[in-house]
Every structure is written in structure tokens, then in C-alpha cells.
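Written below as C-alpha cells is the structure these notes are about.
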Amino acid sequence: MRMNLTCKLLFVTFLFLGFDVLAQKKSVTLELSYYEPYCGGARPNDEILAESQKPKPYAGRKVILISGTGKVDTLTTDAKGKIKVKLKTGEYSLMEPWRYYKRSFNGAPLEHFDKACLKTEWMKTIALLSVGKKKTKISFTNELSNYCEWNIPCLLETHAPPARE
């Protein structure tokens, strides 16, 4: 009888240890940056052009994390554009909120945009993450960029302000 009880306790202990190993999360750090194009009207000098081609920290911005099971979480980058998150093993994608929520980049009415083009834009992710037990793979899929008001993706020409020269 006592042996049977000991076996049951060992089984329950191993069962809980097994679930604990499965439920462990792995710490993942991402550093996001974006590009700021020159949107001024005057011809830019070399220094201004060089500055527009330097990556800047994607600081204090929200991003959407979507798990392979469809669970959605909103994360915010720190002052250096970093996100630290603990994730279970699995597949994840990272998106800009305007794309995930199917809005326009600048908040303008959707009637001002080409619908087919927007559908393509909304599918774009920032990165795909594959979190394994031993290794995490991060594949950046699209560059983050601000847009000049006349160069917003999918904006119909009838709603675009005149381009600066």
C-alpha cells in the first residue's frame, strides 16, 4: 500500500515537472529601428541625405505581436527601440498597428486609398519569430519607415498633396 502511494506521488511530481518544462517561456529581445525620409521642399545637401539614410530607434512605439494560435498582444518599445518579451515556443509575427487593424498609415479615411493596394500593405509584417526550445530565429521582413505626406502607401493621386521639389 505504501509503495503504491509513493509511486503515485512520484508520478504526480514528474507530471507537474513535465508541465513546468512545457510552460517555460524564453526571453526574446528585439531592437527595432526606422528610416525618416527627407520631406523638405529645398534640395537637400549631402549631410541631410546621409541623415535620412541612418536608422533611428523605433522609440516609444506600439507594435502588435501575433502568435501562431492567433493570440494578439500589444507591446511598446523602450527609448532605444527595444522590446523584451518572454514567449513560449512557437511561431509569432510582429506588425505595425495600422496594418493589423486595417487602417491607413496617417489615419485618413480609407476612401482616399486604393483598396487592393491597402490589402497588400496590411499583410506586411515587421518580423517573423520562431521560438524554439534551444534557439530563436528572427527574420525581419520589411523595413520600418515614416512616409512623406505625398508618398503614403496606396494614397490615391486625387488625395495626395503636391510633391515638393
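The values are calculated or read from the model by the stated rules, or taken from the named source; none is laboratory data. The structure presented is a predicted model; accordingly, all values stated were derived computationally and were not measured. As a convention, Cβ positions derive from the backbone with ideal geometry for all residues, glycine included, and neighbour counts pool all protein chains shown.
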Of all residues making up region 137-158, the number that are part of a loop (DSSP other than H, G, I, E, B) and of a type outside the set (V, I, T): 11
Candidate set: region 105-128, residues that are surrounded by fewer than 15 Cβ atoms within 10 Å (Cβ to Cβ) and closer than 18 Å to T74 by Cα; chosen: the one farthest from the chain's Cα centre (by Cα): M123
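For L87, indicate whether it is under 30 Å from K26 (Cβ atoms), aliphatic (A, V, I, L, M), out of contact with any His (no Cβ under 7 Å at 6 or more places or on another chain) and surrounded by 14 or more Cβ atoms within 10 Å (Cβ to Cβ).
Details: under 30 Å from K26 (Cβ atoms): yes; aliphatic (A, V, I, L, M): yes; out of contact with any His (no Cβ under 7 Å at 6 or more places or on another chain): yes; surrounded by 14 or more Cβ atoms within 10 Å (Cβ to Cβ): yes.
In short, yes.
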K102 vs. criteria surrounded by 12 or more Cβ atoms within 10 Å (Cβ to Cβ) and basic (K, R): no
Region 40-76 - residue that is surrounded by 12 or more Cβ atoms within 10 Å (Cβ to Cβ) and of a type in the set (V, I, T) and, of those, farthest from G90 (Cα to Cα): I48
In region 122-136, residue farthest from K88 (Cα to Cα) [restricted to those that are at pLDDT 95 or above and not in a loop (DSSP other than H, G, I, E, B)]: W122
